[in-house]
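Structure record follows, encoded as structure tokens.
The values are calculated or read from the model by the stated rules, or taken from the named source; none is laboratory data. The structure presented is a predicted model; accordingly, all values stated were derived computationally and were not measured. Note: ideal-geometry Cβ built from the backbone for every residue, glycine included; neighbour counts use all protein chains shown. Surface accessibility is based on the protein's heavy atoms, side chains included, excluding ligands, DNA and RNA. Shrake-Rupley method; radii C 1.70, N 1.55, O 1.52, S 1.80 Å.
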Amino acid sequence: MTHSRAATILLSALLACASASADTLNFEPLGPAELTPAKLELDGTVIQGSGTSLYIFASDMDLGLLTDDGGAVCSAFRPDLDTLSCAADMQISFKTAVSNLSLQTFGHDDGDSVTISAYAGNTMLGTPQIVTSNTVVDFSALSGVTKLVFDDQSAGANGGSGYAFGKFSFTPLTSPVPEPATGVLTLLGAAALGWFVRRRQAA
């Protein structure tokens, strides 16, 4: 193998490691569970509810369209000990700005409605999406999203049951700070690339 070929392969590997890939929010290991207070940090993403708790649904629970990929979360309150409503507001703050964002709503009942808005900092991006069914909510046309705000207006016979949210998919725009071991490997790779280039120039 020539030095030029080896350097090209090494550079391609380094670029592949540095490139962003799609992320998800996986609630499955946590559910079913009711979290009090209504706050959860999941892989650096902070989920804050305005109700009394966050409820985590496992993927095998009956939520209409929910399948076996990642569970779901809702911002909940209890009108009484026997009733759980997912009609409280919620905010999700990402650990870094994201693009290609989508999610899915679950658990729709008659009268349920939620408005979902995307923000970059305190600036709203695009148009808020009003959801009145179990559906995919697509924010993929927006870039630089740092938070989602869920404003629930459910008004069913019992005040509205609200929605659960899952199947989050997004692409981080910047990589988080690498772990120490990752940083060392990156430096070693860069050093090796420099060594290949110097040997080729000396030849």
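Looking only at region 71-84, residues that are surrounded by fewer than 22 Cβ atoms within 10 Å (Cβ to Cβ) and not aliphatic (A, V, I, L, M) come to 6 in all.
Out of all the residues in region 68-83, is one or more in a loop (DSSP other than H, G, I, E, B), of a type in the set (A, V, I, L, M) and at pLDDT below 90? Yes, region 68-83 contains a residue that is in a loop (DSSP other than H, G, I, E, B), of a type in the set (A, V, I, L, M) and at pLDDT below 90. Tell me which residues, restricted to region 84-112, are at pLDDT 95 or above and closer than 18 Å to G166 by Cβ. Within region 84-112, D89, M90, Q91, I92, S93, F94, V98, N100, L101, S102, L103 qualify. Pairs linking a residue in region 98-120 that is surrounded by fewer than 21 Cβ atoms within 10 Å (Cβ to Cβ) and in a strand (DSSP E or B) to a residue that is among the basic types (K, R) and at pLDDT 95 or above, with Cβ atoms under 6 Å and 6 or more positions apart or on different chains, are Y119/K147.
If a residue must be more than 21 Å from A88 (Cβ to Cβ) and open to solvent by 20 Å² or more (accessible area, probe 1.4 Å), how many such residues does region 125-142 contain? Number of matching residues: 8.
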